[in-house]
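Asker: Pasting in a structure now, in structure tokens, and then I'll have a few things to ask.
The values are calculated or read from the model by the stated rules, or taken from the named source; none is laboratory data. Just so we're clear, the structure is a prediction, and the values are computed from it rather than from any experiment. Using ideal geometry, Cβ is built from the backbone for each residue, glycine included, and neighbour counts are taken over all protein chains shown.
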């Protein structure tokens, strides 16, 4: 989890002091409450046929500016607003971090909700709608962190502990990306999931790389005016997992982060761009955006992603 704090002041010392206070009274306050097990709320969810129980810790709300008619219990206000939506985005995380940031300056409104450092457009819009009703003068902002820790009794250890920093996971993703580059015929492309599974000895991750990676890289490469929902629909053979939120999938965003770290490090040498562009070119998002641009469409929103994976795929 990365956190960046900024503040305004009459001089740099004041601005830095306010930024430090914002960090201490929001992020660190929540961390301390989780560490000390201070007044947790309890939560139960279900994912992939398994039940999970959680403890929820709310940081104080760090704010700037003044607002009229604010509730006294601001620390619980945002949790009450987003609780049911957040529950849908919990899978089998050991700890899930939710960052809430709201701001208003005249008619300019900001609402942002990040789950494990990835923006949820749906929840961000819900916050923006909430901010519209703020009553105050000048600039005002509020920030809060929610830490959700799964009970040890229901947590199922992942095959790749902390995938982004797992060397084994990284090497397998790298291998699958090279498999894309080697699929220079339609026959080889259609055989990729099975071929990848043989190369990395993991059928589920092979399907995830084959299906998720092209869309993830296309999302990162898309223009800023394109918005992607965090909803997806997954079928696997005769199994229909229905609507799922990508935040709940253990390896969805770690796949994205791992792939981009490989890009940043240029691990494929002179072929790096060819490898990445080749993968992006197979995505349904790339094809859809190409058609949209031909029609002159702007401010495009994807309401959900659909994935059809092999019958041996399992949610994790």
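Asker: Among the residues of the stretch 211-225, are any assigned to a helix (DSSP H, G or I) and over 27 Å from residue 183 (Cα atoms)?
Answerer: Looking for residues that are assigned to a helix (DSSP H, G or I) and over 27 Å from residue 183 (Cα atoms), one finds none in the stretch 211-225, hence no.
Asker: While we're looking at this one, here's another question. For the stretch 100-111, state whether one or more residues are part of a loop (DSSP other than H, G, I, E, B), over 20 Å from residue 26 (Cα atoms) and touching a strand residue (DSSP E or B) at 6+ places or on another chain (Cβ under 9 Å).
Answerer: Yes, there is a match, as at least one residue in the stretch 100-111 is part of a loop (DSSP other than H, G, I, E, B), over 20 Å from residue 26 (Cα atoms) and touching a strand residue (DSSP E or B) at 6+ places or on another chain (Cβ under 9 Å).
Asker: Please find, within the stretch 98-135, the residue that is nearest to residue 254 (Cα to Cα) out of those that are more than 17 Å from the chain's Cα centre (by Cα) and either loosely packed, with under 14 Cβ neighbours inside 10 Å or assigned by TED's automatic domain parsing to the domain that holds residue 250 (or both).
Answerer: Applying the filter and picking the extreme gives 129.
Asker: Something else now. Considering only the stretch 242-264, I want to know if a residue exists there that is in contact (Cβ under 8 Å) with a residue 40 or more places away in the chain and over 21 Å from the mean Cα position of the chain (by Cα).
Answerer: No, that holds for no residue.
Asker: Also, quick follow-up: Quick one: would you say residue 34 is within 17 Å of residue 98 (Cβ to Cβ) and at pLDDT 90 or above?
Answerer: It is true that residue 34 is within 17 Å of residue 98 (Cβ to Cβ) and at pLDDT 90 or above.
Asker: For residue 181, which of the numbered conditions (1) surrounded by fewer than 16 Cβ atoms within 10 Å (Cβ to Cβ); (2) in contact (Cβ under 8 Å) with a residue 60 or more places away in the chain; (3) assigned by TED's automatic domain parsing to the domain that holds residue 56 fails to hold?
Answerer: (3)
Asker: Does residue 148 satisfy the criteria of being modelled with pLDDT of 95 or more and more than 29 Å from residue 273 (Cα to Cα)?
Answerer: So residue 148 fits the description; yes.
Asker: Looking at (1) in contact (Cβ under 8 Å) with a residue 24 or more places away in the chain; (2) outside any strand (DSSP E or B), find the lone condition where residue 80 falls short.
Answerer: (1)
Asker: Would you please list the contacts, defined by Cβ atoms under 8 Å and residues six or more apart or on different chains, that run from a residue in the stretch 287-299 that is surrounded by 10 or more Cβ atoms within 10 Å (Cβ to Cβ) to a residue that is in a helix (DSSP H, G or I)?
Answerer: The qualifying pairs are 289/218.
Asker: What is the one condition in (1) surrounded by fewer than 15 Cβ atoms within 10 Å (Cβ to Cβ); (2) not in a helix (DSSP H, G or I) that residue 188 does not satisfy?
Answerer: Evaluating residue 188 over (1) surrounded by fewer than 15 Cβ atoms within 10 Å (Cβ to Cβ); (2) not in a helix (DSSP H, G or I) leaves (2) as the failure.
Asker: Can I ask one more? Answer with yes or no whether residue 96 is farther than 16 Å from residue 41 by Cβ and either part of a strand (DSSP E or B) or touching a strand residue (DSSP E or B) at 6+ places or on another chain (Cβ under 9 Å) (or both).
Answerer: Judged against the criteria, residue 96 is not a match.
Asker: Does the stretch 268-277 include one or more residues that are touching a strand residue (DSSP E or B) at 6+ places or on another chain (Cβ under 7 Å) and either farther than 17 Å from residue 174 by Cβ or at pLDDT 90 or above (or both)?
Answerer: No, because not a single residue in the stretch 268-277 is touching a strand residue (DSSP E or B) at 6+ places or on another chain (Cβ under 7 Å) and either farther than 17 Å from residue 174 by Cβ or at pLDDT 90 or above (or both).
Asker: Another question, then. Determine whether residue 43 is assigned to a helix (DSSP H, G or I), touching a residue at least 40 places away in the same chain (Cβ under 8 Å) and surrounded by 14 or more Cβ atoms within 10 Å (Cβ to Cβ).
Answerer: So residue 43 fails the test.
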